[in-house]
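To keep things clear, I will list the structure first and then write my remarks on it.
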Amino acid sequence: MPEHPHTQDDSTVNAETQHEESDVNVRALMLFVVIFVIFAAVVHVAVWLMFKFFIQVGKSAPPPAMTQIARPADADVPSLPRLQPFGTGQSSKPAAGTRSPVADTPVADMEKMRAAEEKTLNNPGWVDQQKGVVHIPIEQAKQLALQRGLFPVNTATAAPRAGAPPATAGIPAQGQSSSAQSGTGTTTGPQQ
């Protein structure tokens, strides 16, 4: 019987081709797997014990200083300007003696500032009482400035009197260019 029964022709058989005469050593392979599993279990237990040890050491020792620079007493308070919370729209009232956390929102601060500025603008008050310096309402200050001639009024740009036609000198009529009005291209006023 030939060595290669599955071939029908001897021309396809290669004499140099060989194969292993024995199977894999299963006993050595199983021993390696068992030793590997035991080693992995020992390493896991050792890492777990080391982790527990480091937790105990960390709890017993005080934390080291993060820097050699002395910590200021107010280090927990942020510097100015501080951020402000926005209101949530909930109408919960704070307990007696405490401030609402949304009492100093930017919106409330802006309303307070505008109210104070409006009060200063529209009411008389002292700037420096020792020197006798006062501030007067803005409308009264404007009237006094006009009466005293601090701001000269230009009659050409002043508001027109009731019933007077608006000043149109130098302004072309609607729908016409300045050259079309005079025919020469130099216009100083509307054509009559």
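From the list His44, His19, pick out the single residue that is modelled with pLDDT under 95, more than 30 Å from Met110 (Cα to Cα) and of a type outside the set (Asp, Glu).
Values: His44 fails: modelled with pLDDT under 95.
Residue meeting the stated conditions: His19.
Counting the residues of the stretch 102-132 that are modelled with pLDDT of 90 or more, among the small types (Gly, Ala, Ser) and not in a helix (DSSP H, G or I) gives 2.
The values are calculated or read from the model by the stated rules, or taken from the named source; none is laboratory data. Keep in mind the model is a prediction, meaning the values are calculated, not measured.
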